[in-house]
Amino acid sequence: MSFGSAPSYLTTTTTTTVYRSPLMTQCDLGKYPVPLSPPFPQISKDIEVNRAMSASSKSSLFSLGTTDVLHEDDWLIAFNKPQGVYCDTILASVPKLLNHCSHGSIHSKKMEFHLANRLDRDTSGVILVTKSHKVAAKLVKAFTDHKVRKTYIALCVGQAPVWKKVTIKSGHGRSKFGAWRVYATKDVGRTLPGGSSVREMETLFEVLSINGEQCNQELSEIDIVVEDKSSIEFEGNKVEVLVRAYPRSGRTHQIRLHCQYLGISVRGDVKYEGVYEWNGRVYDGHQLHAESLSFEHPVTGSPIVINAPLPSWATRGL
């Protein structure tokens, strides 16, 4: 990829950023960990209810077509999930698709369909379905062992990054109200309300473009180890930032949470401080796309790479 010139505020030599918090006192040791990302904004409640109702209506009318199929063999079938459709709707539509087209090499009544991965309601892109319990178990293990490589594309709005690539490491877990939140890395393993524990979470982000212009390759690569609330302060106007994300763990809402922490919330992601209205347009969902899955085939052992076509919003600046 070639890169054009970038504004002067994008040139930097920053190398590593580590956010630290004061050491815990003995009194703190008996308390639950404190989440470092903010709770859901008040505006998100009504918007999310409306989005859920719209998705339920859309999902009730949805059926898969042959153009949605990205890959199929005797053991697996992958689809390009649209935004605003639930994963369970995709799964329920598979038998009908295979019974009415020539894609299925085995009659669907002999198959045992399982979702190998899940995407949020408003996340589009690659979703993988297995055709037997045995293959499903193998893929679950591959995901658990981090042997499945994933890439996502996100269009964000926020402070212009001073980095070309960033690796962010943090904790992940539910707050006492049940919402997913970012926690300090030092809290990994500690018990949360409800009995679960803080788990590690790591994502590599790469800036692809800023306001539709390709990113200056002279920007640095940095590491962020989260130990305190985000210290990013907004200066000047917000910008559109297109990023590619490489999650190195598989936590719920991982990319959305880390984008929020970095000050570049996903556009339309009202749960995590993403803009609901931008440049005169209201967004019906967040703009996050599961671009690819790469893994070793659970039966043949052959390398498999499945790519989903990019939505129109993800092509600007590429």
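For a quick check of your reading: which strands (runs of 3 or more DSSP E) sit entirely within the range 90-185 and have at least 1 residues that are over 30 Å from SER56 (Cα atoms) and of a type in the set (Phe, Trp, Tyr)? Explain how you work it out, then say what you get.
Numbers: elements: 124-130, 149-158, 163-174, 180-183.
Filter on the range 90-185 gives 163-174, 180-183.
Output yes when any residue across the range 260-271 is in a helix (DSSP H, G or I), open to solvent by 20 Å² or more (accessible area, probe 1.4 Å) and farther than 18 Å from VAL207 by Cβ, and no when none is.
Just the residues of the range 260-271 that are in a helix (DSSP H, G or I), to begin with: 260-261, 270-271.
With open to solvent by 20 Å² or more (accessible area, probe 1.4 Å) added as a condition, the list becomes 271.
When the remaining residues are screened for being farther than 18 Å from VAL207 by Cβ, the result is 271.
Yes: the range 260-271 contains one or more residues that are in a helix (DSSP H, G or I), open to solvent by 20 Å² or more (accessible area, probe 1.4 Å) and farther than 18 Å from VAL207 by Cβ.
Six or more apart or on different chains, Cβ atoms under 7 Å: show the pairs whose first residue is in the range 287-299 and among the aromatic types (Phe, Trp, Tyr) and whose second is surrounded by fewer than 21 Cβ atoms within 10 Å (Cβ to Cβ) and not in a strand (DSSP E or B).
Close Cβ pairs (under 7 Å, with a partner that is surrounded by fewer than 21 Cβ atoms within 10 Å (Cβ to Cβ) and not in a strand (DSSP E or B)) amount to PHE295/ALA142; PHE295/LYS147; PHE295/VAL148.
Identify the residue in the range 195-237 that is surrounded by fewer than 18 Cβ atoms within 10 Å (Cβ to Cβ) and of a type in the set (Ser, Thr, Tyr) and, among all such residues, is nearest to THR167 (Cα to Cα).
The qualifying residue nearest to THR167 (Cα to Cα) is SER220.
To keep it simple, each residue is scored yes or no on (1) open to solvent by less than 20 Å² (accessible area, probe 1.4 Å); (2) more than 21 Å from GLN254 (Cβ to Cβ).
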| residue | (1), (2) |
| --- | --- |
| GLY280 | no, yes |
| HIS289 | yes, no |
| ILE304 | no, yes |
| ALA308 | yes, no |
| TRP313 | no, no |
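If you check every pair at least six apart or on different chains, which have Cβ atoms under 8 Å apart with a residue in the range 140-153 that is within 14 Å of ARG118 (Cα to Cα) and among the charged types (D, E, K, R) first and a residue that is at pLDDT 95 or above and open to solvent by 40 Å² or more (accessible area, probe 1.4 Å) second?
If the second residue must be at pLDDT 95 or above and open to solvent by 40 Å² or more (accessible area, probe 1.4 Å), the pairs left are LYS150/TYR246.
Just wondering, is there one or more residues in the range 129-145 that are within 19 Å of the chain's Cα centre (by Cα), within 22 Å of PRO311 (Cβ to Cβ) and at pLDDT 95 or above?
Scanning the range 129-145, I find at least one residue that is within 19 Å of the chain's Cα centre (by Cα), within 22 Å of PRO311 (Cβ to Cβ) and at pLDDT 95 or above, so the answer is yes.
The values are calculated or read from the model by the stated rules, or taken from the named source; none is laboratory data. These figures come from a predicted structure and were not determined experimentally. All Cβ positions, even for glycine, are placed from backbone atoms using ideal geometry, and neighbour counts span all protein chains on display. We work out accessible area using only protein heavy atoms, side chains counted, and drop any ligands, DNA or RNA first. Shrake-Rupley method; radii C 1.70, N 1.55, O 1.52, S 1.80 Å.
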